[in-house]
Structure formats: C-alpha cells, structure tokens
Amino acid sequence: MAGRFNSVFVAPEYNPTTPPMRTFELRICSLFSPGTTARLCYLYGCGSRKRQYRRRCVLSSDAVLDFLQFVDGQKYQSARELHDRILRKSRLLTKAEAGTIFIARRRGKQRWLEPASVQNDAIAVRKGDFIVPIGPGTIAGHVADKGNTVIIDDVYHISNRAPYSFDPSREHRHYKTRSMFCFALKNYHDEVTGVVQLINCRPRRNRKPIAFDPAVAKLVAPIARVIGHSIERAEMLDQIKSKNRKLHDRNRQLAEQRARIEALREETEDAFQISTQLLARAAEIHDEETGNHIVRVNEYSYYIAKLLDMADEWCNEVRYSAQLHDVGKMSVDVAVLKKKGRLNDSERKEMDRHTEYGYQILSASPRLKMGAEIALCHHEKWDGSGYPNGIRGDNIPLSARIVQLADIYDALRSVRPYKPAFSHKKAVRILTVGDDRIDPKGHFDPAIVELFKTHHAAFDGIWQQLKDG
C-alpha cells in the first residue's frame, strides 16, 4: 500500500519533513486512480493536468474527507435538517445546480420513495406531495430498486433499451433538466434507504449545464454509505423523539385523567360519607337524647380497631360503619320507639328486630357490607345469649364485637329515659366488673375488654371532646 501511494500520489516536491498525512486520509486517497484524480481536478478548476497529477489527490481526498467530517458533525441534527444539509453539501461537491433527496419507504410489499429535501439554485421550489414507485420506470425508482448509480448526460436522449425514462411533463415550466447523477444511499446492511438525485452539473454559473463526470461516481461511492447510515440514524432518532413526545403527551393525558378520576372519586367518597351519616341520623329521628352518640361510637370503634392492629382500610371502614348499628330502627313501629317506660314482650320482640331490619337495609350495598354485619350482630353476646341468632365467640364478626362495647360505653355515659348519665369511672366498672344487667364475661370479647381496661382513659377523652351541648 505504501509503495502504491508513493508512486501514484506523492508529488516530486514532497518534503519528508512535512507532517505525514493521517491514516484516514491515506485510505481515502488510495481509493482514486491518477486518471480519476486528474479528471476531478479538472472538474474543480485546479489548473493544468501536470499540476493536477502532482498534487497527490489533495482536492479529491480533501473533498471526501471534508464531506465525511461534515456528515459526522451532524449527529445531533434532526432528519429534516440533515436532509437539507447533506443535499446542499452533495450539490457543492458535484457542482449540481439542483437536487432531491428521496427516502425509501415500505408498507408490506409496497415500496416507494418520498422527497425529503428539494433544492434548486435557478428557481424557487418546494417539496411536493408526491411519491415515486420503486422499480423500473423512473430514474430514481430504478436506482432505489437496483441500488446502483446512474449518470445521464442528457435526460432527453435516454436509450429506449434503458429500464427507466424521463417524463418531461413533470418539468417546471421555467426550468429544463439536462444532466443527471443519481446514486443510492445504503445502510451498513447494504439495504437501500434512499436516493440522491442531482441535476445539471454547472461548474460555472454563467455556462450551460454539462454532463457529470464519471469520476464523480467514484468520488461519491465511499461516502454514499456513510450518508445513508447517517440519514437512517437521524430518521430513527426522529422517530424515537416523536414516540417519546407522544409517550410524554400520553403520560400527561393519563395523569390529567387520573387527577380527574381521583377528584371524582373524592367527590363520590364525600357524597357516600354524607349519605351514610344522613342515613344514621335518620335512624335516630325518634331518639331525642342521642345527640352525638353515633359520632362518638364511630371514634370509639376506630380507636379499638387501631389497638387491635387492624389494617388502615379496615379501621377506616369500621369508623364510618359503626354509626349504622341502629339504622334498622327506621323500620321499627314508631309507637314502640316512642313508648315511655318498660316494653312488653311483643314490643320487646319488635324492638329486637331492628337488627334484622338494619341488615336488610344495608346488605344491598357492597360498600355497606361491614355496616350490615354490625347492624345484625351488635347485640350478640360472647356466651351466645344475645340476639337475633344467638351466635357466640369468634363467630360474631369482629366489627360487631367492637361496636357492641363502644355502643354500651356511650349509652352508660349518656342520659336515657330509663337512667341518668354515669361517670366515666362508673362506666368502666360496669364494663370490666359488671352490674345487675351486664356480665362482662358473658357479654364481651375478653380481648377487647382487656384493651379497654388498659386504654379506657382515651374513651373518656373522646367523650369529653364530642359530648353533647
């Protein structure tokens, strides 16, 4: 390689003291023969053939190196900007007056070219909305199909045997195409990714177009693949950026939708809580002395659930479900509810049915499942002597066992038609030791009673905070 380089490219005035060309430049220079170098130098107006030959392919190597460095410097350009810059650089390199970069597209078995950049120094042009089928017929379609290079001296004198033709009807009325240089862009898998079509070689602006020199094809060959890869990379990056933008927009839309759903959920939850409170209040419409009874029962029950280390969701559910324990009284005979004094057996039986009535009212709603079990079971007793079903021990739902103690504590502290309000101390003694009506061992879950013994002061705090009037 070194001998060939010295014999072909090194000029007589070569000075060994001058810095050697870089390895990259040596490889580029070695691509061209002396004849090609001379023709390229003539094309670019570099003087006599003798001087052309003696300048060791400086112009050709510099042109290719400059182009490659130019392409390498466009890494962060968008595909559109890269198309425009590469086409402009390609025209500058080949002295083309006009040109188009086409990008190859495919959908299933269909293949076509789309114009990505269109330039013309002679007339104003813009990228048209058209496609070129890949295959025989058009010049660009043929080049894309075969992956080769076509140089045409005069597009109006193309041989009938050529697999392509030029359509004069597509010419701009103020412009006439003569010479054409068309080459394929390929990626590193040797797949055609596009076509560069250059029109009318015009080294001097005031002269008529001339034919593109075949040496140009050899000049372009080393850089066509780099151009193709760069454009493909830019298009892929654009697609990634586009997908990222769409993904960002979609994520933003989803976030907005989630925010709206959350707002609606909160509104729905607020409406549900209000409805639950109103339902509980409606059940006490005939009990003038109850006041904040249901609110306090909610808080006692929530506190006990927390002491039992129940999950937050469960604790929150018992907090709003506890107030529904007597909702069945809405269906009890009003005369029974308003009667002053002791109830007879039939009246007591009617009153006791408020547990079943409450269950019937609440069980229709999945959100009120816990409320339904509390309503049904909060008068059951640990020893099985309660009502309505006489179930015992752990068979009684935990929520009902909690509300049972909370409800009785608050009833002991409150004024009722049949009793005065008791002090906290007396209420604690009744719930832990018992009296003539309540036997703690038979009434309550022993574990809940033990928690109450240790933490009963908090019950008094809730009472003081939420007591009536």
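Using a Förster radius of 41 Å, what is the FRET efficiency between ALA447 and ALA263 based on their Cβ-Cβ separation? Nearest 0.05, please.
Once rounded, the FRET efficiency stands at 0.50.
Classify the stretch 169-291: rounded, prolate or oblate, from the alpha-carbon gyration tensor (a ≥ b ≥ c, eigenvalue square roots; a/c under 1.5 rounded; otherwise prolate if a/b is larger than b/c)?
Cα axes put the stretch 169-291 in the prolate bin.
Sum up the charges of everything whose Cβ sits under 12 Å from the Cβ of ILE240, counting Lys and Arg as +1 and Asp and Glu as -1, but leave ILE240 out.
Charge balance near ILE240 sits at +3.
Please identify the chymotrypsin sites (Phe, Trp or Tyr not before Pro) of the stretch 82-171 that satisfy two criteria: DSSP loop assignment and at most 11 other Cβ atoms within 10 Å. Which are they?
PHE130
Can you give the local net charge around ALA144? Use residues other than it whose beta-carbon is closer than 13 angstrom to its beta-carbon, Lys and Arg +1, Asp and Glu -1.
For residues surrounding ALA144, the net value is +2.
Multiplying the sequence separation of LYS241 and GLU81 by 0.36 nm and subtracting their Cα-Cα distance, what value in nm do you get?
56.1 nm
Compute the FRET efficiency between ASP121 and GLN253 as 1/(1 + (r/R0)^6), taking r as their Cβ-Cβ distance and R0 = 35 Å, and round to the nearest 0.05. Please list the in-between numbers first.
Details: r = 46 Å, r/R0 = 1.31.
So the FRET efficiency works out to roughly 0.15.
Kindly identify the stretch 79-233 as rounded, prolate or oblate by the Cα gyration tensor criterion: order the square roots of the eigenvalues as a ≥ b ≥ c, call it rounded if a/c is under 1.5, otherwise compare a/b with b/c, prolate if a/b is larger, else oblate.
In terms of gyration-tensor shape, rounded.
In debye to the nearest 20, how big a dipole does the stretch 248-311 give about its Cα centre with +1 on each Lys and Arg Cβ and -1 on each Asp and Glu Cβ?
Charge dipole of the stretch 248-311: 420 debye, to the nearest 20.
Cα-Cα over 26 Å: which of LYS340/LYS425; LYS369/LYS441; LYS146/LYS241; LYS369/LYS425; LYS419/LYS467?
Beyond 26 Å: LYS340/LYS425; LYS369/LYS441; LYS146/LYS241; LYS369/LYS425.
What is the sum of charges, Lys and Arg at +1 and Asp and Glu at -1, for the other residues whose Cβ falls under 14 Å from the Cβ of ALA406?
Net charge in that neighbourhood comes out at -1.
Using 0.36 nm per residue of separation minus the Cα-Cα distance, give me the extension gain between ARG170 and ASN206 in nm, one decimal. Please list the in-between numbers first.
Working: separation 36, 0.36 × 36 = 12.96 nm, distance 2.51 nm.
Residue separation times 0.36 nm, minus the Cα-Cα distance, leaves 10.5 nm.
Give me D for the stretch 162-225 in µm² s⁻¹, whole number, from Stokes-Einstein with Rh from the Kirkwood sum over alpha-carbon pairs, 37 °C and 0.692 mPa s.
Once the numbers are plugged in, D ends up at 239 µm²/s.
Taking the highest mean first, how do the peptides 271-280, 190-199 order by number of other beta carbon atoms within 10 angstrom per residue?
By packing density, highest mean first, the sequence is 190-199, 271-280.
Treating only the Cα positions of the stretch 361-469 as identical point scatterers, give the base-10 log of I(q)/I(0) from the Debye formula at each q in 0.16, 0.18, 0.22 Å⁻¹.
-0.77, -0.95, -1.23
Count neighbours as other Cβ atoms within 10 Å of each site's Cβ, and list the chymotrypsin sites (Phe, Trp or Tyr not before Pro) in the stretch 410-454 that are DSSP loop with at most 16 such neighbours.
TYR418
Taking H as built 1.01 Å from N, whose amide H comes closer than 5 Å to the amide H of ARG111, not counting residues under 5 places away?
Close amide H contacts, sequence-distant or interchain: ILE134.
Would you list, by chain and number, the aspartates and glutamates whose Cα falls below 18 Å from the Cα of LYS306, excluding same-chain residues fewer than 8 positions away?
The qualifying aspartates and glutamates are GLU317, ASP407, ASP445, GLU450, ASP460.
Could you tell me the distance between the Cα centroids of the stretch 362-383 and the stretch 120-153, to the nearest Å?
81 Å
Which whole number of Å³ per residue matches the convex hull of the alpha-carbon atoms in the stretch 284-466?
115 Å³
FYI, it's all coordinate maths here, none of it is from the lab. Model, not experiment: these values are computed from the prediction. As a convention, Cβ positions derive from the backbone with ideal geometry for all residues, glycine included, and neighbour counts pool all protein chains shown.
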